[in-house]
Amino acid sequence: MPEPANRSAVLLIQTAFIGDVILGTALLEHLQRTEPGTPVDFLVRKGNEGLLKSHPHVRQVLIWDKKKSKYRGLWRLLQQIRRAHYGRVVTLQRFASTGFLTAFSGAPERIGFDKNPFAARFTRAIPHVIGTGVHEVSRNLHLLDPTYNGPLTPPRLYPTAADEAAAAQVARDAAGGPYICIAPTSVWFTKQFPQEQWQKLLAALPPQYTVFLLGGPPDVEGCEQLKAATTRPGVLNLAGKLSLLASAALMRGATLNYVNDSAPMHLCSAVGAPVCAVYCSTVPYFGFGPLSPFSRVVQIEEKLECQPCGLHGHRQCPLGHFRCAHGIETQQLLAALAEAEKYRV
């Protein structure tokens, strides 16, 4: 009996946060380069599907609505995956839910990390080690090819023509000259450069720059508070007004983008936008650092025994002082801008 026509297709699974999906797009680039013509589908959580809108290397985007019907939706997804007869199912996560989908997908090749609770049912389980300086993109690439030792394949997003037009209109109408983007918020308090620190930067930035504050709908209030707290002219709050891909297109045209260790940093990596990543409680050595051609990392120069205090950050500083953030000097951020200006010349 012949194999189903879809047996060669690949399903990639990444239902975590925006930044995780962006980093996962490096596998799309790798597959396109090494296995051109192979159909690739991508499973994401509801809300992140816009990242892959019109992506040239994605055949179909599958969506899991974790909030509406988490477990019922998971079961429906499993049935959908089994009906598709994938040749390979690859989960980029170490969580039981996506391990379950992979383990019982019916695919001849079921691939994931060895820390996944369902790893015993995978046909290939790869070690996932944090703290060695290896980038998450490299860890993910080894799921496809455990022996790969070539150059790091950067993630990549593809803003649509509408996204490009929206970004161009903002840059033309609101800026009309050089601009800087700041994405000041983060899901985690200890990953977020404090508002008073951003205020110091805004006051010190050269006057010729328009400044755009970026973020999603949950970040509107935080960006508005930052705008209200500064007397600097030419600061515009665009949080919640642009799609993720339009934001990425806007960031690509900036002289520099100031971000936390969060999703906007990975947006920059995926479109080659110049970036200055401010690290507070976390460190690039975990393997989630920026990958843009022009990338600078700013951290407190003082050595702190408590840094890093965790992989993902905390709701508050465990020791109460948040020294890793408040100890960063504005001049460190301005030095990155001076380098970026020379880079763009």
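Distant-in-sequence amide contacts of I126, defined by a placed amide H-H separation under 5 Å and a gap of 5 or more residues or a different chain, comprise G112, F113, D114.
Taking amide H positions as modeled 1.01 Å from N, with prolines and chain starts lacking one, the residues under 5 Å from V297 and 5 or more places away or on another chain are A277. Remark on L62: its backbone amide H falls under 5 Å from those of F42, L43, V44, a criterion applied only to residues 5 or more positions apart or on other chains, H modelled at 1.01 Å from N. Helix 66-84 and the longest principal axis of the C-alpha atoms of the chain enclose an angle of approximately 40°. In the chain, helices alone account for a calculated mean residue ellipticity at 222 nm of -10500 deg cm²/dmol, with every DSSP H run of four or more residues adding -39,500 (n - 2.57).
Assuming a viscosity of 1.306 mPa s and a temperature of 10 °C, what translational diffusion coefficient in µm² per second does Stokes-Einstein assign to the stretch 196-303, Rh being the Kirkwood radius over Cα pairs? Don't skip to the answer; put the middle values down first.
Numbers: Rh = 14.5 Å.
The Stokes-Einstein estimate is 110 µm²/s.
In the chain, the ratio of gyration radius to Kirkwood radius, Rg to Rh, stands at 0.99 when only Cα atoms are counted. Taking label positions 7 Å along the Cα-Cβ direction at both T330 and H312, the computed distance is 3.5 nm, reported to one decimal.
Mind counting lysine pairs for me in the stretch 10-144? Cα separation below 20 Å, and the two need to be 8 or more apart along the chain or on different chains. The partial results should precede the final answer.
On the way: K46/K66; K46/K67; K46/K68; K46/K70; K53/K66.
Final tally of qualifying lysine pairs is 5.
Rounded if a/c is under 1.5, else prolate if a/b is larger than b/c, else oblate: which is the stretch 244-299, with a ≥ b ≥ c the root eigenvalues of its Cα gyration tensor? Could you put the intermediate results ahead of the total?
Details: a/c = 1.97, a/b = 1.78, b/c = 1.11.
Verdict is prolate for the stretch 244-299.
Return the lysines within reach of K200: Cα separation strictly under 28 angstrom, same-chain partners fewer than 8 residues apart disregarded; answer none if there are no such residues. Partners found: K191, K227, K241, K303, K342.
What shape does the stretch 161-344 take by its C-alpha gyration tensor, where a ≥ b ≥ c are the square roots of the eigenvalues and a/c under 1.5 counts as rounded, a/b above b/c as prolate, and the rest as oblate? Provide the component values of the computation, followed by the final result.
On the way: a/c = 1.56, a/b = 1.51, b/c = 1.03.
It is prolate, given that a/c is not under 1.5 and a/b is the larger ratio.
Farthest toward the positive end of the dipole of the stretch 10-144, out of V61, V10, F113, is the Cα of V61, where the dipole comes from beta carbon charges about the Cα centre. Pairing the Cα long axis of helix 330-344 with the longest principal axis of the chain, what angle in degrees results, from 0 to 90 and rounded to the nearest 10? Roughly 70 degrees, rounded to the nearest 10. Across the stretch 101-109, coupling constants 3J(HN,Hα) worked out from phi with the 6.51/-1.76/1.60 Karplus curve, θ = phi - 60°, read 4, 5, 4, 10, 6, x, 6, x, 10 Hz, and Gly and Pro carry x. Remark on the stretch 74-187: Rg and Dmax equal 19.7, 57 Å (Cα only).
What the Cα atoms of the stretch 192-244 give is an Rg and a Dmax of 10.8, 29 Å. Using the Karplus relation 6.51 cos²θ - 1.76 cosθ + 1.60 with θ = phi - 60°, the per-residue 3J(HN,Hα) values for the stretch 194-210 come to x, 4, 5, 6, 5, 4, 4, 5, 4, 5, 9, 5, x, x, 6, 9, 7 Hz, with x marking Gly and Pro.
Reducing the stretch 65-104 and the stretch 169-200 to their Cα centroids gives an inter-centroid distance of 36 Å. The C-alpha atoms of the chain define a longest principal axis, and helix 161-170 lies at about 10 degrees to it.
Packing, taken as the mean count of other beta carbons within 10 Å per residue, orders the peptides 74-80, 268-274, 330-336 from highest to lowest as 268-274, 330-336, 74-80. Short to long, the 5 Å bins of the Cα pair-distance histogram for the stretch 48-138 hold 2, 13, 19, 21, 22, 15, 6, 1 percent of all pairs. Charges were assigned to the Cβ only: +1 to each Lys and Arg, -1 to each Asp and Glu. The resulting dipole of the stretch 10-144 about its Cα centre is roughly 600 debye.
In order along the stretch 314-322, the phi-based Karplus estimate (6.51 cos²θ - 1.76 cosθ + 1.60, θ = phi - 60°) of 3J(HN,Hα) comes to 9, 6, 7, 5, x, 9, x, 9, 6 Hz; Gly and Pro are listed as x.
Using only the alpha-carbon atoms of the stretch 3-100 as identical scatterers, what base-10 log of I(q)/I(0) does the Debye formula give at q = 0.24 Å⁻¹? Each listed q corresponds, in turn, to -1.44. About the centre of its Cα atoms, the chain shows a dipole size close to 1100 debye [charges on the beta carbon of Lys, Arg (+1) and Asp, Glu (-1) only; nearest 20 debye]. The distance between label points at D114 and K67 comes to 3.8 nm (points 7 Å beyond Cα on the Cα→Cβ vector). The orientation-averaged projection of the convex hull spanning the C-alpha atoms of the stretch 35-85 amounts to 3.9 square nanometres. From most to least packed by mean Cβ count within 10 Å, the peptides 62-72, 22-32 give 22-32, 62-72.
Please state the equivalent ellipsoid semi-axes for the stretch 287-329: what are the square roots of 5 times the Cα gyration tensor eigenvalues, largest first, in whole Å?
In descending order, the three semi-axes are 22, 14, 9 Å.
Computed over neighbours whose Cβ is under 12 Å from that of L334, the net charge equals -1, Lys and Arg +1, Asp and Glu -1.
Every read-out reported here was derived from the displayed coordinates using simple, explicitly stated rules and does not represent laboratory data. Note that the structure is a prediction, hence the values are computed from the model and not measured. Heads up, the Cβs are rebuilt from the backbone with ideal geometry, glycines too, and the neighbour counts pull from every protein chain shown.
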